[in-house]
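Working notes for the structure below.
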Amino acid sequence: MIKDRVAGAPISWGVCEVPGWGHQMAPARVLAEMGALGLAATEFGPDGFLPAGAAERADLLAAHGLRPLGGFAPVVLHDPDRDPLPGIRRTLAAFGVERSNTPGGGGADGGAAGGGAPDSGLTLVLAAVHGLDGYDERPALDAAGWAALLANLDRIAALAAEAGVRAVLHPHVGTMVERSDEVQRVLDGSGIPLCLDTGHLLIGGVDPGELAARVPERIAHVHLKDVDAGLAADVQAGRTAYTDAVRKGIYRPLGGGDIDIAGIVGSLEGAGYGGWYVLEQDTILDREPDEGAGPVADVRACLDFLAGIPA
């Protein structure tokens, strides 16, 4: 049973870093609803959603029975003239971890970390963004951009490991790593593990079940989404912008869409996956939901679905 490894994310309550995304619910209500649902942990959400101080943030989460899990970090990785490490250091500091000075530890400028700080249990979920707001369009990436992106992924993974944090790459719609050939290029050209986001992969044209079965050793974090395949096809074909598709309900409670979530969970568990399953049904709200209604009902339906998967 994976119950003790099921976590929440503020984006399931419509809380997002994208300007103009929609109504933003307050942390007090979001965390109270997560706790009432019995979620074991949560990702942090966008900057400013939770307290900036790590101790204060951990205390707030603990008051709702939630463990801190780390969070999403949109970072420009493909620009050879732009060093992402200073920003990553600030993010790690905000996580409340410090870089290790262990002799023999991996350097900040490349290579896998050897040694490093004790495992903090936190995950840095990277998205290779293009630097503009939103996820509806993206530029093409040339050879120099790919070289910079792949090198920066390994540099960030090493830096995070020195602080006891696991860095993963999240293939994500509207970022520089979205489609099947791009995911494969990351697998072939870097050592960083992946965040298997079942929804973003499907919308990007990647079969999440096939990927999970083919390279389970590269999966270190999971975002569970179910998806309306018809709306996903509209996004792929350019008939519907991604944000509009979210507004129309492209993400469905687990079991209510077209992804074999039970099969993916079974495949990962069978391969020895021991990480978190984060429930992420991205939504856009136009107002504050009534008490007991809105996102909490969808997350409850996801938990009910997972409870029905044979152990």
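Among the residues of the stretch 50-57, is there at least one that is in contact (Cβ under 8 Å) with a residue 60 or more places away in the chain and touching a helix residue (DSSP H, G or I) at 6+ places or on another chain (Cβ under 6 Å)? Show your work before the answer.
First, the residues of the stretch 50-57 that are in contact (Cβ under 8 Å) with a residue 60 or more places away in the chain: none.
No, there is no match, as no residue in the stretch 50-57 is in contact (Cβ under 8 Å) with a residue 60 or more places away in the chain and touching a helix residue (DSSP H, G or I) at 6+ places or on another chain (Cβ under 6 Å).
A quick yes/no check of all residues on (1) surrounded by 17 or more Cβ atoms within 10 Å (Cβ to Cβ); (2) out of contact with any Phe, Trp or Tyr (no Cβ under 7 Å at 6 or more places or on another chain); (3) of a type in the set (S, T, N, Q); (4) modelled with pLDDT under 95:
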| position | (1), (2), (3), (4) |
| --- | --- |
| Ser267 | yes, yes, yes, no |
| Gly272 | no, yes, no, no |
| Pro289 | yes, yes, no, no |
| Ala311 | no, yes, no, yes |
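Please go through the stretch 219-256 and give me each residue that is of a type in the set (A, V, I, L, M, F, W, C), over 26 Å from Ala307 (Cβ atoms) and surrounded by fewer than 21 Cβ atoms within 10 Å (Cβ to Cβ), ordered by number.
Once the filter is applied, which keeps residues that are of a type in the set (A, V, I, L, M, F, W, C), over 26 Å from Ala307 (Cβ atoms) and surrounded by fewer than 21 Cβ atoms within 10 Å (Cβ to Cβ), the stretch 219-256 yields Ala233, Ala237, Ala241.
Condition first: out of contact with any helix residue (DSSP H, G or I) (no Cβ under 7 Å at 6 or more places or on another chain) and part of a loop (DSSP other than H, G, I, E, B). Can you find one or more residues in the stretch 300-308 that meet it?
Yes, there is a match, as at least one residue in the stretch 300-308 is out of contact with any helix residue (DSSP H, G or I) (no Cβ under 7 Å at 6 or more places or on another chain) and part of a loop (DSSP other than H, G, I, E, B).
Among the candidates Asp83, Asp109, which residue alone is at pLDDT 95 or above and farther than 30 Å from Gly22 by Cα? Working first, answer last.
Details: Asp109 fails: at pLDDT 95 or above.
Asp83 is the lone residue from the list that is at pLDDT 95 or above and farther than 30 Å from Gly22 by Cα.
It is to be established whether one or more residues within the stretch 189-197 are over 30 Å from Leu254 (Cα atoms), more than 19 Å from the chain's Cα centre (by Cα) and of a type in the set (Gly, Ala, Ser).
In the first step, residues of the stretch 189-197 are kept if they are over 30 Å from Leu254 (Cα atoms); the result is 189-191.
From what is left, the residues that are more than 19 Å from the chain's Cα centre (by Cα) are 189.
Next, from what is left, pick out any that are of a type in the set (Gly, Ala, Ser): 189.
Scanning the stretch 189-197 turns up at least one residue that is over 30 Å from Leu254 (Cα atoms), more than 19 Å from the chain's Cα centre (by Cα) and of a type in the set (Gly, Ala, Ser).
Identify the single condition in (1) of a type outside the set (A, V, I, L, M); (2) in contact (Cβ under 8 Å) with a residue 40 or more places away in the chain; (3) surrounded by 23 or more Cβ atoms within 10 Å (Cβ to Cβ) that His200 does not satisfy, given that it satisfies every other one.
(2)
Residue-wise test of (1) touching a residue at least 60 places away in the same chain (Cβ under 8 Å); (2) in contact with an Asp or Glu (Cβ under 7 Å, 6 or more places away or on another chain); (3) closer than 23 Å to Thr123 by Cβ.
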residue	(1), (2), (3)
Asp207	no, no, no
Ala220	yes, no, yes
His223	yes, yes, yes
Leu254	no, yes, yes
Ala271	no, no, yes
Leu285	yes, no, no
Ala307	yes, no, no
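Got a sec? Which of Gly45, Gly22 is surrounded by 15 or more Cβ atoms within 10 Å (Cβ to Cβ), on the phi > 0 side of the Ramachandran plot, touching a residue at least 60 places away in the same chain (Cβ under 8 Å) and not in a strand (DSSP E or B)? Steps first, answer last, please.
Working: Gly45 fails: touching a residue at least 60 places away in the same chain (Cβ under 8 Å).
Only one candidate passes the filter, namely Gly22.
Quick grid of which residues meet (1) in contact with a Leu (Cβ under 6 Å, 6 or more places away or on another chain); (2) closer than 27 Å to Gly274 by Cα; (3) of a type in the set (Val, Ile, Thr):
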| residue | (1), (2), (3) |
| --- | --- |
| Asp4 | no, yes, no |
| Ile11 | no, yes, yes |
| Pro19 | no, no, no |
| His23 | yes, no, no |
| Ala32 | no, yes, no |
| Ala40 | no, yes, no |
| Phe49 | no, no, no |
| Ala54 | no, yes, no |
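For the stretch 175-196, check the following and say yes or no: at least one residue is touching a helix residue (DSSP H, G or I) at 6+ places or on another chain (Cβ under 8 Å) and closer than 16 Å to Thr283 by Cβ.
First pass over the stretch 175-196, keeping only residues touching a helix residue (DSSP H, G or I) at 6+ places or on another chain (Cβ under 8 Å): 176-178, 183, 185-187, 189-194, 196.
Checking which are closer than 16 Å to Thr283 by Cβ leaves us with none.
So far as the stretch 175-196 goes, no, none of its residues is touching a helix residue (DSSP H, G or I) at 6+ places or on another chain (Cβ under 8 Å) and closer than 16 Å to Thr283 by Cβ.
Considering only residues that are touching a strand residue (DSSP E or B) at 6+ places or on another chain (Cβ under 6 Å) and aliphatic (A, V, I, L, M), which ones fall in the stretch 154-167?
Of everything in the stretch 154-167, those that are touching a strand residue (DSSP E or B) at 6+ places or on another chain (Cβ under 6 Å) and aliphatic (A, V, I, L, M) turn out to be Ile156, Ala157, Ala160, Val165, Ala167.
The values are calculated or read from the model by the stated rules, or taken from the named source; none is laboratory data. All values reported here derive from a predicted model rather than from experimental measurement. Reconstructed Cβ throughout: ideal geometry from the backbone, glycine too, with neighbour counts over all protein chains shown.
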